[in-house]
């Protein structure tokens with residue numbers, strides 16, 4: 001149907017420029033809402049990594065000395081097996097712990113290089129029948145031969161997860177509202193564009209321009225707005241990640257020491273942000289074209 | 001070229017814009033469509049351009065049954081038909097050249113093809129020297145010539161004209177009519193809806209009179225009225 005690239009680019013750019021204020025409003029709304037989506041995702045991923053060891057209802061962590069003897073380990077296992085309040089437990093060996101360590105501190109290469117697998121403590125992850133017994137059970141193991149440390153900070157972890165999930169909910173809720181308004185804004189921008197070009201559209205229909213020839217520049221206008229909004233949000237996500245890292249290192253928050261955003265997490269977040277931006281832009285313009293462009 | 005068979009069209013229940021119209025126009029014919037406002041002339045032109053579909057009966061244009069063309073093919077069908085209007089329908093921010101070139105561009109012709117064809121067609125309509133003027137720098141007659149150039153640049157088989165002289169003074173109107181005659185001589189059928197008594201009476205072409213949605217008269221070398229409708 002002979003849709004030349006030059007024509008499409010010229011028409012789209014022209015439309016965007018003509019409605020630049022409205023376009024800017026739409027793009028910024030998308031940018032803000034997607035930045036929120038991005039931070040919510042980063043928060044979720046960070047909390048997930050920092051609470052990794054506590055997954056599955058684990059309430060008590062017993063870290064062994066890296067050089068604990070077999071007899072020492074056996075003594076712990078025997079006690080875990082006989083204590084009535086222990087529901088179940090699992091052993092995490094050095095190799096697995098080391099892998100987790102590498103993942104958690106992926107963005108601190110100095111630390112990674114200074115610690116070898118041999119220095120990593122293996123651990124027992126204990127699930128209790130009654131979580132409130134964690135401190136008293138923890139005391140039993142604390143200071144036993146071969147035990148390096150006992151961590152029953154389970155309650156704090158739970159609070160952290162709860163706070164983070166509420167925060168995520170609120171942020172995502174806000175983002176959804178903003179994304180809906182962004183869709184409506186784009187719909188309106190495209191409607192105005194269609195209205196201001198109705199003479200051209202009439203003439204195009206008159207001389208036999210195909211429907212897609214008429215529609216595509218308008219659709220592309222919405223797509224571009226979504227994409228530009230997403231690009232701004234993408235930059236914001238990188239900034240937010242840097243801020244998280246800075247705050248955690250600056251204030252040495254113990255609980256959040258494992259709050260790590262790996263490059264993979266950030267990449268996935270950026271991809272989600274781009275995808276949503278493009279979908280919102282295209283949806284808004286597609287709705288406008290369907291409703292207001294009578295071809 | 002054009003065939004309407006017992007065509008009915010209604011826009012409101014019980015009120016027919018066209019009721020039982022049958023008409024045939026041959027290749028290269030020149031037909032005046034006359035009748036009072038609201039008689040159904042515009043409805044007929046809309047059906048021929050496939051802007052509307054007949055409720056009953058069939059409309060054949062350029063070998064196609066218009067009720068059977070899927071809507072995505074309508075644009076391709078329209079490329080066989082040129083159309084001009086009382087209000088010219090030019091793009092005000094484009095020069096005469098650009099207005100005609102736009103028609104070629106939107107159907108996917110290359111810029112090169114436009115550079116060759118547009119000056120030729122503007123020469124044909126007598127505007128070679130005003131190619132780069134904007135519509136508001138041209139007279140009404142000149143604007144209509146640009147519109148004719150745009151309609152004719154693809155050498156359509158049929159030219160539909162909806163009161164093309166309605167906004168023009170008599171002398172300018174005649175200029176436009178001579179141009180339409182020339183186009184007609186190249187083999188393009190011209191169907192022109194008009195109220196212009198002088199033009200119809202002097203041209204002595206086929207006259208189809210529509211009244212209240214039905215054909216009241218169809219004369220091979222007709223005049224506007226026999227005193228009845230004056």
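The values are calculated or read from the model by the stated rules, or taken from the named source; none is laboratory data. Just so it is clear, the model here is predicted, and its values are computed rather than measured. Positions of Cβ are generated from backbone atoms using ideal geometry, with glycine treated the same way; all protein chains shown enter the neighbour counts.
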TODO: Sort out which residues of segment B:10-26 are more than 20 Å from the chain's Cα centre (by Cα) and part of a strand (DSSP E or B), and write them in order of number.
DONE: B:10, B:11, B:12, B:15, B:16, B:19, B:20
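With respect to residue B:31, determine if the residue is modelled with pLDDT of 95 or more, touching a strand residue (DSSP E or B) at 6+ places or on another chain (Cβ under 7 Å) and under 15 Å from residue B:159 (Cβ atoms).
Here the answer is yes, as residue B:31 does meet what is asked.
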Open item on the list: Just to be sure before I move on: is residue A:206 surrounded by 13 or more Cβ atoms within 10 Å (Cβ to Cβ) and touching a strand residue (DSSP E or B) at 6+ places or on another chain (Cβ under 8 Å) in the structure I sent?
Closed with: yes
Open item on the list: Can you list the helices (runs of 4 or more DSSP H) lying wholly within segment A:123-208 that have 1 or more residues being within 14 Å of chain B (Cβ to nearest Cβ) and touching a helix residue (DSSP H, G or I) at 6+ places or on another chain (Cβ under 6 Å)?
Closed with: A:198-206
Task: Every residue from segment A:19-35 that is part of a helix (DSSP H, G or I) and either more than 16 Å from residue A:234 (Cβ to Cβ) or within 10 Å of the chain's Cα centre (by Cα) (or both) - done: A:20, A:21, A:22, A:23, A:24, A:25, A:26
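Filter segment B:90-100 down to residues that are buried (at least 22 other Cβ atoms within 10 Å of the Cβ) and not in a loop (DSSP other than H, G, I, E, B) and give me whichever is farthest from the other protein chains (Cβ to nearest Cβ).
Taking the candidates together, the pick is B:96.
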Task: Residue among A:184, A:189, A:163, A:201 that alone is within 26 Å of residue A:20 (Cα to Cα) and surrounded by fewer than 16 Cβ atoms within 10 Å (Cβ to Cβ) - done: A:184
Open item on the list: Anything in segment A:89-106 that is in contact with a helix residue (DSSP H, G or I) (Cβ under 7 Å, 6 or more places away or on another chain), outside any helix (DSSP H, G or I) and under 22 Å from residue A:48 (Cβ atoms)? List them, or say none.
Closed with: A:105
Task: Among residues of segment A:114-127, those that are out of contact with any strand residue (DSSP E or B) (no Cβ under 6 Å at 6 or more places or on another chain) and surrounded by 16 or more Cβ atoms within 10 Å (Cβ to Cβ), counted - done: 1
Task: Tally, over segment B:115-145, of residues that are away from chain A (no Cβ under 12 Å) and either touching a strand residue (DSSP E or B) at 6+ places or on another chain (Cβ under 7 Å) or part of a helix (DSSP H, G or I) (or both) - done: 21
Open item on the list: Criterion first (within 19 Å of residue B:82 (Cα to Cα), away from every other protein chain (no Cβ under 14 Å) and surrounded by fewer than 18 Cβ atoms within 10 Å (Cβ to Cβ)) does residue B:178 satisfy it?
Closed with: yes
- [ ] Could you please find all residues in segment B:54-72 being within 14 Å of chain A (Cβ to nearest Cβ) and under 29 Å from residue B:185 (Cα atoms)?
- [x] B:61, B:62, B:64
TODO: Evaluate segment A:233-246: report whether one residue or more is within 14 Å of another protein chain (Cβ to nearest Cβ), in a helix (DSSP H, G or I) and surrounded by fewer than 19 Cβ atoms within 10 Å (Cβ to Cβ).
DONE: no
TODO: Kindly establish whether residue B:81 is surrounded by 21 or more Cβ atoms within 10 Å (Cβ to Cβ), closer than 29 Å to residue B:219 by Cβ, touching a strand residue (DSSP E or B) at 6+ places or on another chain (Cβ under 9 Å) and within 14 Å of another protein chain (Cβ to nearest Cβ).
DONE: yes
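Residues are listed down the side, and each one gets a yes or a no for (1) modelled with pLDDT of 85 or more; (2) at positive phi; (3) within 14 Å of chain B (Cβ to nearest Cβ):
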| site | (1), (2), (3) |
| --- | --- |
| A:9 | yes, no, yes |
| A:21 | yes, no, no |
| A:27 | yes, no, no |
| A:30 | yes, no, no |
| A:37 | yes, no, no |
| A:40 | yes, no, no |
| A:49 | no, no, no |
- [ ] Name every residue in segment B:27-53 that is more than 15 Å from the chain's Cα centre (by Cα) and either surrounded by fewer than 20 Cβ atoms within 10 Å (Cβ to Cβ) or within 14 Å of chain A (Cβ to nearest Cβ) (or both), in order of residue number.
- [x] B:36, B:37, B:38, B:52, B:53
Task: Lone qualifier among B:179, B:157 - being at negative phi and in contact with a strand residue (DSSP E or B) (Cβ under 9 Å, 6 or more places away or on another chain) - done: B:157
